[in-house]
Structure formats: structure tokens, C-alpha cells
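Heads up: the structure comes next, in C-alpha cells.
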Amino acid sequence: AFEFSTIGQHLGTGSGIEELMDDLGHALAKGGPNIKMLGGGQPARIPEINAVWRERLEQLMAEEGGLERSLTRYDSPRGNPHFLEAIAKLFRESFGWNIGPENVAVTAGGQTAFFFLFNLLAGAMPDGRRKKILLPVVPEYIGYANQSATEELFRAVPPVITETGPHEFKYGVDFDHLEVGDDVAAICFSRPTNPTGNVLTDAEVARLSGIAKDHGIPLIIDNAYGAPFPNIFFADAKPFWDEHVILTFSLSKIGLPATRTGIVIGPPEIISALGSMSAIVGLANTNIGQQIVLPLVESGKILELSNDIVRPFYQEKSRLAVKAAEEIFGDAFPWRVHRSEGALFLWFWFPGLPITSKELYERLKRREVLVVPGHYFFFGHDDPTWRHRDECIRVSFAMDEAVVRDGLKIIAEEIRACLSGS
Ligand code: PLP
């Protein structure tokens, strides 16, 4: 066997999430027509939105130089200059933020932006100190978990849980236990959050921003589902920006995940570092996503598509899924769902569940219902005595309503069965 470096061992030898994704993939490939895939993070295919992509590709092909611009040239590592300018202008005009193209970088999806940002800011420092990324709330996006090139990068704070309805709850930041020492490199959260659909309130964001500013560190906000695009954001809350804030965006959840287009807005020194990292890792990013949406960003139409089509589409799916859960779970056993304020998922909590979420996942898989067991999302806070970590599952509502309903019925049957000891 060949020897792997420390970085090689961190990045090249698999991870919990890779195993899970493989397992889901195999189950899906093996399964018959009855499989209920509620486990993925795939956005839905929305016909009106796909029609826009089709139209834009036809325009690019018809336009003089369109194909050449989209496919036959390397862009500069930080992104296409017209695209960077258009993004800066969109945010200036939409929100009044004082930003220019020097505040914008393109990466190969939001995922790559996070790999760059975490490894840029945290880990071993030149003077020997070690720094961590602070997650002010877990559960948090599993895709961050194994992104460190060298060592564990995360410290996470368990949330305050507020019961907001008979079957509803909401996580909040536990500011009393949020310790920000010299070893914190940045504070980071997704808004809306994958897996929970939580949107940290404007007051929480302002307070976290103040804490980051006082410590001279960045606040990173992941807007993969957020405002202003794709705007799968149902809460009454506002986008936030300040000079120490790093915002990430993506074209994935508006419907272009295969173009791998991430967009970062941040302080120029961070943006410049991301350009350097893109050059080293990949020379340049794909142009096609930027070229597809450029006129939509310039005209602001991307905001209309997000507000008028994408958001209502998912908000209705969320409403139907919550209604289905109320009907199907009823009062048969203890359950709660996190208030659905955005993203593509319902986060169910089964207080007192006698088996772990991993075991529930296995039982559901045998019944051809695929979900994501909740314990994966609690990285950075390893307290085995905190039962809550094993009592939750993530269920996607991006599928057809009938599939979601059938899946919820089987979830209810399995929970009843394990409560009655079978
Ligand atoms: N951040 C969050 C919270 C996500 O859910 C995802 C994808 O599911 C990403 C970032 C990365 O997405 P992409 O790399 O497709 O932009």
C-alpha cells in the first residue's frame, strides 16, 4: 500500500457522509419503483425555471461569440469580470450595501468556497497557535464537517430549544454558552440552515456580528438557500452585511447545481485570497453558470424568478409536508418538527425515541424510505449524553407530495412499532 500524507488521510480516506451518500445511492439503485427518496439534497426540477435555462442556452448559441465566451476560454481565477461587476451592482441596488467587484469571487460551488474559507482562516497558524471555526448552533450543514485539510476544525454550541407550537420547535443561539476566545478564527452558520430550515433571527445575527467584530474575526453566513436568490426563505428576516461579514451564495438551489457556481461576497483581502486558492487548485472556474445567469443578474430578473417562482414553489411544498405530518403522526407518539423557515427539508424530532436515529434510518431503509439520520449534523459537539442528537431525522420535501406522504406514513408505522417494542 502507498503511504498517505496527513492531508491525504484527512481528505482521501472517506468520511461518514461519504458512506451515507454511498449507502443512499446503493439503496436507490437497488430499490424498485416504490422507493421513497427523502434523503437527498437535490433541488426539485421546476418547469418554469428549466424553461429559462433552456432559453438562455439557445440565446447563447445564437449570439455572436456566446458559445466562445461560455465554453472555449479560461476565465480569470476569481470569476468573469462582467459577472463580478453585475453581482456587486445587484447587491448594491437591492440592499444598498457598499460593495464593488473587489468584494466578489466565484468558486466551484458553495462547497468549494467553504473548503477554501475554513482552511484559509482556521487550523495551524504560522506562530503555532491553532484556531477553530465556531458554529453558534448545531445541527449544522454536514458538508462542512470533513473539510479540514489537517485537523478537527469545528467547535459547536448546542442550541436553546423553544417549543413554539403543539408539534413545533425552534432552535436559538445559546449566547450564555457562546465562548469566543483567541482560538476562534470565525463564526459560521447557514441561513436558512440545512438540515433544520431554521433562520437565525435578525437580532441573533446582529448580536453574532457584534461579537465577531469585537474579536476582529469574520462572520460567515451561508446563503445556499437564502436571500436574494434562490430565496427559499420563508421567515420574516433580512439579509445582513457588514465589512467583516463573508456571505456565500450559490446557483445550485435555484436550479443549476451541475454548473458548480458559488459566489462569495466579502472583504477584499478574503476575496483576493479565494482567487489565489482557485488559481492553485483549479486554474479557473466553469464559465457556463455565470454566462447563463449574467443577463438575469444585470436585469434583476434573477430576483423575480426567486421571489415569484422558486420561493412559492418550495413554500407550498413545505406547507403540504407539515400538514401531512400533522395528519399522519397526529397524537400517536411524541413528535415535533422544526419551524420551517426555509431550505428543502423538514427536521423531525421524536423525543424519547427508544432507538437511535441511525437505527431508525436502517429500519426505514428496509421499508424503502430513505431519510438522513440526524446525528451526522451535530459535529463539533461530541456529547454522547445529549439524547437529542439521536432523536432527529432530516426529510426532504422537494419530491412529489405523494412520495412525501407515503414516506411519512411508513415513518409513523416504524416509530409506533419500535415504541411497542417490535
Ligand atoms: N451550504 C449548504 C447549507 C448546503 O446545503 C449546500 C448544498 O447542499 C452547500 C452549501 C453547497 O452547495 P453547492 O456547492 O452546490 O453550491
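By the compact-protein rule of thumb, 2.2 N^0.38 Å, the alpha-carbon radius of gyration of segment 74-299 corresponds to a ratio of 0.99. Restricting the calculation to alpha carbons of segment 257-328 gives Rg and Dmax of 18.1, 53 angstrom.
Note on K301: lysines with a C-alpha under 24 Å away, same-chain residues under 8 apart excluded, are K89, K238, K253, K317.
Phi-derived couplings, Karplus 6.51 cos²θ - 1.76 cosθ + 1.60 at θ = phi - 60°, listed residue by residue for segment 407-415: x, 5, 4, 6, 4, 4, 4, 5, 5 Hz, with x used for Gly and Pro. Counted over segment 74-299, the DSSP beta bridges are approximately 50% antiparallel. DSSP assigns beta bridges within the chain; of those with both partners inside it, close to 60 percent run antiparallel.
In segment 174-274, the inverse of the mean reciprocal separation of distinct Cα atoms equals 14.3 Å; this is its Kirkwood hydrodynamic radius. Of V180, V337, V371, the residue with the greatest mean-square motion in the GNM of the chain, using alpha carbon springs below 10 Å, is V180. Under 24 Å of direct C-alpha separation, and excluding same-chain neighbours fewer than eight residues apart, K30 reaches these lysines: K358, K365, K409.
Per q in 0.18, 0.21, 0.23, 0.26 Å⁻¹, report the Debye log10 I(q)/I(0) for segment 127-195, using one uniform scatterer on each alpha carbon and no solvent. With no solvent term, the Cα-only Debye profile gives -0.74, -0.94, -1.07, -1.24.
Across S396, S272, S15, mean-square fluctuation computed from a Gaussian network of the chain (C-alpha pairs under 10 Å connected) peaks at S15. In the chain, the C-alpha radius of gyration followed by the widest Cα-Cα span (Dmax) gives 21.5, 69 angstrom. Beta-bridge orientation, segment 97-186: approximately 60 percent antiparallel, per DSSP, counting only bridges with both partners inside.
Rule-based calculations on the coordinates, nothing more; no lab input. What you see is a predicted model; the values in this text were computed from it and never measured.
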